[in-house]
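Visitor: Here it is: the structure, laid out below.
The values are calculated or read from the model by the stated rules, or taken from the named source; none is laboratory data. Note that the structure is a prediction, hence the values are computed from the model and not measured. Here the Cβ positions follow ideal geometry from the backbone for every residue, glycine too, while neighbour counts run over all protein chains shown.
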Amino acid sequence: MSAYLSSFGPDANSTDIAAALVQQGGVTINHLVPAAVMDTIYREVTQSVSEEDQRGSSDLWPEGNKTVGGLAAASQSFTEQLLIHPKVLQVLDAVLKPESPLSPPTKTLDAAADQVDSPADVVALDDGGTQVVWKPHPNKSHCHHYTVGATVMMEIAAGRDEHQILHREDAIYQPYVRHLDLPEYIVSAMWAGTDFTQENGATRVVPGSHLWPEERIAQTNEIGQAVMNKGSVVLWLSRTLHGAAKSLAAQNRTGFFASYITDWFRQEENQYIAVPEAVVRGYSPQARQIIGYRSSPNLGWVKGRDADNLLEAGQSGHL
């Protein structure tokens, strides 16, 4: 018997979903958008990206599968309806704990900054100068805000005969942060562009593996699958083992992936190249922010640009 992955309905309390996600490492939310939305997204992607550029070519997604990077540029419907879906943002706000939440009501960056006292003392020096000294602070936030790490369409070919290797989302950062005691800094989402079934390769997720030591190996009965209907989403944490399953189906299985990371980590996919400025300008303010066109009071600022919208004139730094 496979491990059980907690599942919620679209009207479930976001706090309960977030609590289960933190405890178990992964959850599904069913029927979060109409199935027709997924058809629209797929149509937009296939119309804007050539067949050649949809081909898989990596160890995780080899030939025979399809991948489309820069999904936030390939489909406006994906960006506006999935990437910033209110329920997902509410869960992200609860797990990643930003000072400036994205779920409504959205605080302005300046207002959020004003609510947090300075985490430093200024100490006088003997020569008449001063020095900043960081001090412990009761602020429980994990970040100032969060952004997209990567956005990708992933399509498993019918009859894929091998499971994708189980891996963790933090693997790309792990060589450099493995000795650090960090708060949660990544939440990932895979939206079901088609029904996700055991037969067609529904994402495998290992509940509880976010708490395991690195060397622990998953047993068959510890591995669950995100079986869910088209228009549903599975969420998992940075340390949760996951991977696509093999497929016994006659049809392809399509998923739309997005990872979300704290603002003090580099984005996995370079959104400023993947999503051209001309495309970003056509998106809502909230979509621009999640893609990365915002700054904290200290990170990502540009002189003469607005902190909430770096495409516009304003104030975003100390200069």
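Visitor: All but one of (1) in contact with a strand residue (DSSP E or B) (Cβ under 7 Å, 6 or more places away or on another chain); (2) surrounded by 18 or more Cβ atoms within 10 Å (Cβ to Cβ); (3) farther than 20 Å from L5 by Cβ; (4) of a type outside the set (D, E) hold for W264; state the number of the condition that does not hold.
Guide: All conditions pass for W264, except number (2).
Visitor: How many of the residues in segment 147-180 are assigned to a loop (DSSP other than H, G, I, E, B) and not β-branched (V, I, T)?
Guide: Filtering segment 147-180 for residues assigned to a loop (DSSP other than H, G, I, E, B) gives 157-166, 168, 173, 178-180.
Retained after the next criterion (residues that are not β-branched (V, I, T)): 157-164, 166, 168, 173, 178-180.
Qualifying residue count, segment 147-180: 14.
Visitor: Further question on the same structure: Using the structure shown, decide if S259 is buried (at least 19 other Cβ atoms within 10 Å of the Cβ) and within 18 Å of G25 (Cβ to Cβ). I'd like the intermediate steps shown before the answer.
Guide: Numbers: buried (at least 19 other Cβ atoms within 10 Å of the Cβ): yes; within 18 Å of G25 (Cβ to Cβ): yes.
Criteria met by S259.
Visitor: Could you check segment 132-171 and list, in sequence order, the residues that are surrounded by fewer than 15 Cβ atoms within 10 Å (Cβ to Cβ) and β-branched (V, I, T)?
Guide: V132, V133, I165
Visitor: Further question: Could you please find all residues in segment 216-271 being assigned to a loop (DSSP other than H, G, I, E, B) and either of a type in the set (V, I, T) or free of Cβ contacts under 8 Å to residues at least 12 places away in the same chain (or both)? Write out each step before concluding.
Guide: Pass one, segment 216-271, residues assigned to a loop (DSSP other than H, G, I, E, B): 216-219, 223, 226-227, 229-232, 238-241, 244-252, 263-270.
Scanning segment 216-271 gives R216, I217, Q219, I223, V227, T240, R266, N270.
Visitor: Which members of segment 208-240 meet the condition of being aliphatic (A, V, I, L, M), over 16 Å from A18 (Cβ atoms) and either touching a strand residue (DSSP E or B) at 6+ places or on another chain (Cβ under 8 Å) or surrounded by 15 or more Cβ atoms within 10 Å (Cβ to Cβ) (or both)?
Guide: Of segment 208-240, the ones aliphatic (A, V, I, L, M) are 211, 217-218, 223, 226-228, 233-235, 237.
In the following step, the residues that additionally are over 16 Å from A18 (Cβ atoms) were identified as 211, 217-218, 223, 226-228.
Scanning segment 208-240 gives A218, I223, A226, V227, M228.
Visitor: A further question on this structure: Can you find, within segment 169-211, the residue that is nearest to T262 (Cα to Cα) among those that are within 19 Å of the chain's Cα centre (by Cα) and among the acidic types (D, E)?
Guide: Among residues in segment 169-211 that are within 19 Å of the chain's Cα centre (by Cα) and among the acidic types (D, E), the one nearest to T262 (Cα to Cα) is E184.
Visitor: When I41 is evaluated against the numbered criteria (1) surrounded by fewer than 20 Cβ atoms within 10 Å (Cβ to Cβ); (2) under 21 Å from the mean Cα position of the chain (by Cα), which criterion, by number, is the only one it fails?
Guide: I41 satisfies every listed condition except (1).
Visitor: Report yes if A189 is part of a strand (DSSP E or B), aliphatic (A, V, I, L, M) and surrounded by 17 or more Cβ atoms within 10 Å (Cβ to Cβ), otherwise no. Steps first, please.
Guide: Numbers: part of a strand (DSSP E or B): yes; aliphatic (A, V, I, L, M): yes; surrounded by 17 or more Cβ atoms within 10 Å (Cβ to Cβ): yes.
Yes: the conditions hold for A189.
Visitor: For segment 161-185, what are the residues that are touching a residue at least 24 places away in the same chain (Cβ under 8 Å) and either small (G, A, S) or within 22 Å of E222 (Cα to Cα) (or both)?
Guide: Across segment 161-185, the qualifying residues are D161, E162, H163, Q164, I165, L166, H167, R168, E169, D170.
Visitor: Check off (1) under 30 Å from V22 (Cβ atoms); (2) at pLDDT below 95; (3) not in a loop (DSSP other than H, G, I, E, B) for P105 and give me the number that stays unchecked.
Guide: (3)
Visitor: Also, I was wondering about something else. Return yes or no: is K66 in contact (Cβ under 8 Å) with a residue 24 or more places away in the chain, among the basic types (K, R) and closer than 20 Å to C143 by Cα? Talk me through it step by step, then tell me what you get.
Guide: Values: in contact (Cβ under 8 Å) with a residue 24 or more places away in the chain: yes; among the basic types (K, R): yes; closer than 20 Å to C143 by Cα: no.
Criteria not met by K66.
Visitor: Moving on. If I go through segment 20-50 residue by residue, how many of them are assigned to a helix (DSSP H, G or I) and in contact (Cβ under 8 Å) with a residue 24 or more places away in the chain? Explain how you work it out, then say what you get.
Guide: Within segment 20-50, the subset assigned to a helix (DSSP H, G or I) is 20-24, 35-48.
From what's left, in contact (Cβ under 8 Å) with a residue 24 or more places away in the chain: 21-22, 24, 35, 37-38, 40-42, 44-45, 48.
Number of matching residues: 12.
Visitor: What tally of residues in segment 7-29 results from selecting those that are of a type outside the set (A, V, I, L, M, F, W, C) and crowded, with 16+ Cβ neighbours inside 10 Å?
Guide: Start the filter on segment 7-29 by keeping residues that are of a type outside the set (A, V, I, L, M, F, W, C), which leaves 7, 9-11, 13-16, 23-26, 28.
In the following step, the residues that additionally are crowded, with 16+ Cβ neighbours inside 10 Å were identified as 7, 14, 24-26, 28.
So the answer is 6.
Visitor: Quick one: would you say L248 is aliphatic (A, V, I, L, M), exposed (fewer than 15 other Cβ atoms within 10 Å of the Cβ) and farther than 14 Å from R168 by Cα? Before the answer, list the steps.
Guide: Details: aliphatic (A, V, I, L, M): yes; exposed (fewer than 15 other Cβ atoms within 10 Å of the Cβ): yes; farther than 14 Å from R168 by Cα: yes.
It is true that L248 is aliphatic (A, V, I, L, M), exposed (fewer than 15 other Cβ atoms within 10 Å of the Cβ) and farther than 14 Å from R168 by Cα.
Visitor: For segment 274-297, give me each residue that is of a type outside the set (K, R) and without any contact (Cβ under 8 Å) to a residue 24 or more places away in the chain.
Guide: Our first condition is that a residue be of a type outside the set (K, R); within segment 274-297, this holds for 274-280, 282-287, 289-293, 295-297.
Residues satisfying the conditions are A278, Y293.
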